[in-house]
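Remarks on the structure that follows.
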Amino acid sequence: RRSMASGTGRSPLLRPPWARCSEEPEVSMPDRVAVVTGASQGIGAIIARALAADGYAVCLMARDGSAAARVADEIGSLGGPAMARSVDVTDEVAVGEAVEAVHSSWGRIDLLVNSAGSIEPEVPLWEADVESLCRRATIGT
């Protein structure tokens, strides 16, 4: 089997140093990529950890970007590729930018988990206004 470094048939180790420097580094792309919204805590964080343990590269999206980053760092310390993005899922531009970041890093999205939610307003149902209830019902959808 011949090594075909720069089409010369020579070993890459025999090429001049400047030839190696100009090449793009080999980047390993993950086999599966997941995006989890609401991933800074609770069910979203648990799902993100479980997907990472199952071999997914995971993008954690949450309004609390620093909390999502802590979960991503935890996943990373265990060897899984993870990134965190501060995203309010009701902000279409922010969601689009986060999706672009995932595509730039990993080339695709295979799985989306919508775990974003809201517990506002914290009043009995019969005291809540309709607008607040509608907002809560549509977060993450």
Within region 83-92, can one find any residue that is over 29 Å from S132 (Cβ atoms), open to solvent by 50 Å² or more (accessible area, probe 1.4 Å) and in contact (Cβ under 8 Å) with a residue 24 or more places away in the chain?
-> no
Single condition A50 does not satisfy, out of (1) closer than 16 Å to A34 by Cα; (2) in contact (Cβ under 8 Å) with a residue 24 or more places away in the chain | (2)
Cβ pairs under 6 Å, 6+ apart, first in region 61-78 and farther than 14 Å from T37 by Cα, second outside any helix (DSSP H, G or I) | I75/A82; G76/A82
Of S132, S77, S66, which residue is hydroxyl-bearing (S, T, Y) and open to solvent by 80 Å² or more (accessible area, probe 1.4 Å)?
-> S77
Any chance L112 is open to solvent by 50 Å² or more (accessible area, probe 1.4 Å) and modelled with pLDDT of 95 or more = yes
Output for region 94-114, where each listed residue is over 20 Å from L51 (Cα atoms) and either of a type in the set (D, E, K, R) or not in a helix (DSSP H, G or I) (or both) | E97, E100
Residue count, region 35-73, condition part of a loop (DSSP other than H, G, I, E, B) and over 13 Å from S115 (Cα atoms), comes to 4
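The values are calculated or read from the model by the stated rules, or taken from the named source; none is laboratory data. What you see is a predicted model, and the numbers here were worked out from it, not measured in a lab. Cβ atoms come from the backbone with ideal geometry, glycine included; neighbour counts cover every protein chain shown. Heads up: the accessible areas ignore ligands, DNA and RNA and are worked out on the full protein's heavy atoms, side chains in. Shrake-Rupley method; radii C 1.70, N 1.55, O 1.52, S 1.80 Å.
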